[in-house]
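FYI, it's all coordinate maths here, none of it is from the lab. All of these numbers come straight from a predicted model, not from anything done at the bench. Cβ sites come from the backbone with ideal geometry, for glycine too, and all protein chains shown count toward neighbours.
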Amino acid sequence: MPLDLNPDLDRLFANPMAEVSGVFEGKKYRLKIVIPDYARNVTDFYHDVTGISLPDLCRRVEIPFGYKHFGLVCEFAAPIELKLHDDDMALEQSVKSLVDRIGPVSIKNAYLSSQQRSMGHRNRFPHLSFHVDRSSNQPTPYSLFSRDPFDPEQIEPRTASTLFVANIVAYLQLIKEKQADFATEKGIRTLYNIFAKTDMSQAINRVVLEQAWNAPRGTGEICIQDNRTVQHASYYRDAARQGYKIGVRYVG
Ligand SMILES: [Fe+2]
């Protein structure tokens, strides 16, 4: 049986500030939503930017937005091997459904099988340069990022994070920074260089989701996101240290 956290997410949706726990293959895990009430947070954070409601804005600029809450973290108490996709890079349906409902999903203290860990490539994204890895018409629109606890480099916590924002947040930040004009800007760009002058402690956990990759030495971490709905970038917490390359593979 594949890991299916959707029933747990149903419980969280009923009580989004809570934490739920469960057991999979004998291993305990805890689950929580990273940014409850994301839509309200986005509305509050950008309240003076466009003067129209978030749903009206999404319609007007043709950028869909469907997340009431944003980001899920599942942390296992003991290390576990998970099968999240097959050898043809088809993502488990239960994981797709989860990402569709809540956005980026982070699984801590987990790793892929030894055969699958070597799949994909490694990459390091530029600092605060929000982008997507895949276009919406490619057959593998999801990115699966990974930190391999058996790898001599990735065994250590990483000094750089990965940040995620919904497409409409990238749009709003661009307008807020006056890099584009609300009267004419429409649709999703392929690159947003944003937040350079923002105190990120004010944005993270309100409109920006951080995958920190900083679990203790020897902890596997996996993060899955949909390139059709979110933009991602690196965030060098320490500007002098970009962090090692993270595992990347595309699944559909
Ligand atoms: Fe990327």
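One table, with the values for the structure above:
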item: Value at 222 nm in deg cm²/dmol, rounded to 500, when DSSP H runs of n ≥ 4 in the chain each add -39,500 (n - 2.57); result: -5500 deg cm²/dmol
item: Gained length - residue 135 relative to residue 242, 0.36 nm times residue gap less alpha-carbon distance; result: 35.9 nm
item: Förster-model FRET efficiency, 25 Å R0, residue 78 and residue 201, C-beta, rounded to 0.05; result: 0.20
item: Extreme residue, positive dipole direction of region 148-213, given options 187, 212, 157 (C-beta unit charges); result: 187
item: Helix 93-102 vs. the chain, principal-axis angle (Cα, 0 to 90°, nearest 10); result: 40
item: Under 30 Å from residue 178, Cα to Cα: lysines that are on another chain or at least 8 residues apart; result: 68, 186, 197
item: Convex hull of Cα atoms in region 1-139, direction-averaged projection (nm²); result: 10.7
item: Normalised convex hull volume, the chain, alpha-carbon set, Å³ per residue; result: 122
item: Along the chain, longest interval not containing exposed trypsin sites (Lys or Arg not before Pro), exposed being DSSP loop plus at most 13 other Cβ atoms within 10 Å; result: 84-177
item: Max mean-square fluctuation residue, GNM over the chain, Cα-Cα springs under 10 Å, options 58, 74, 223; result: 58
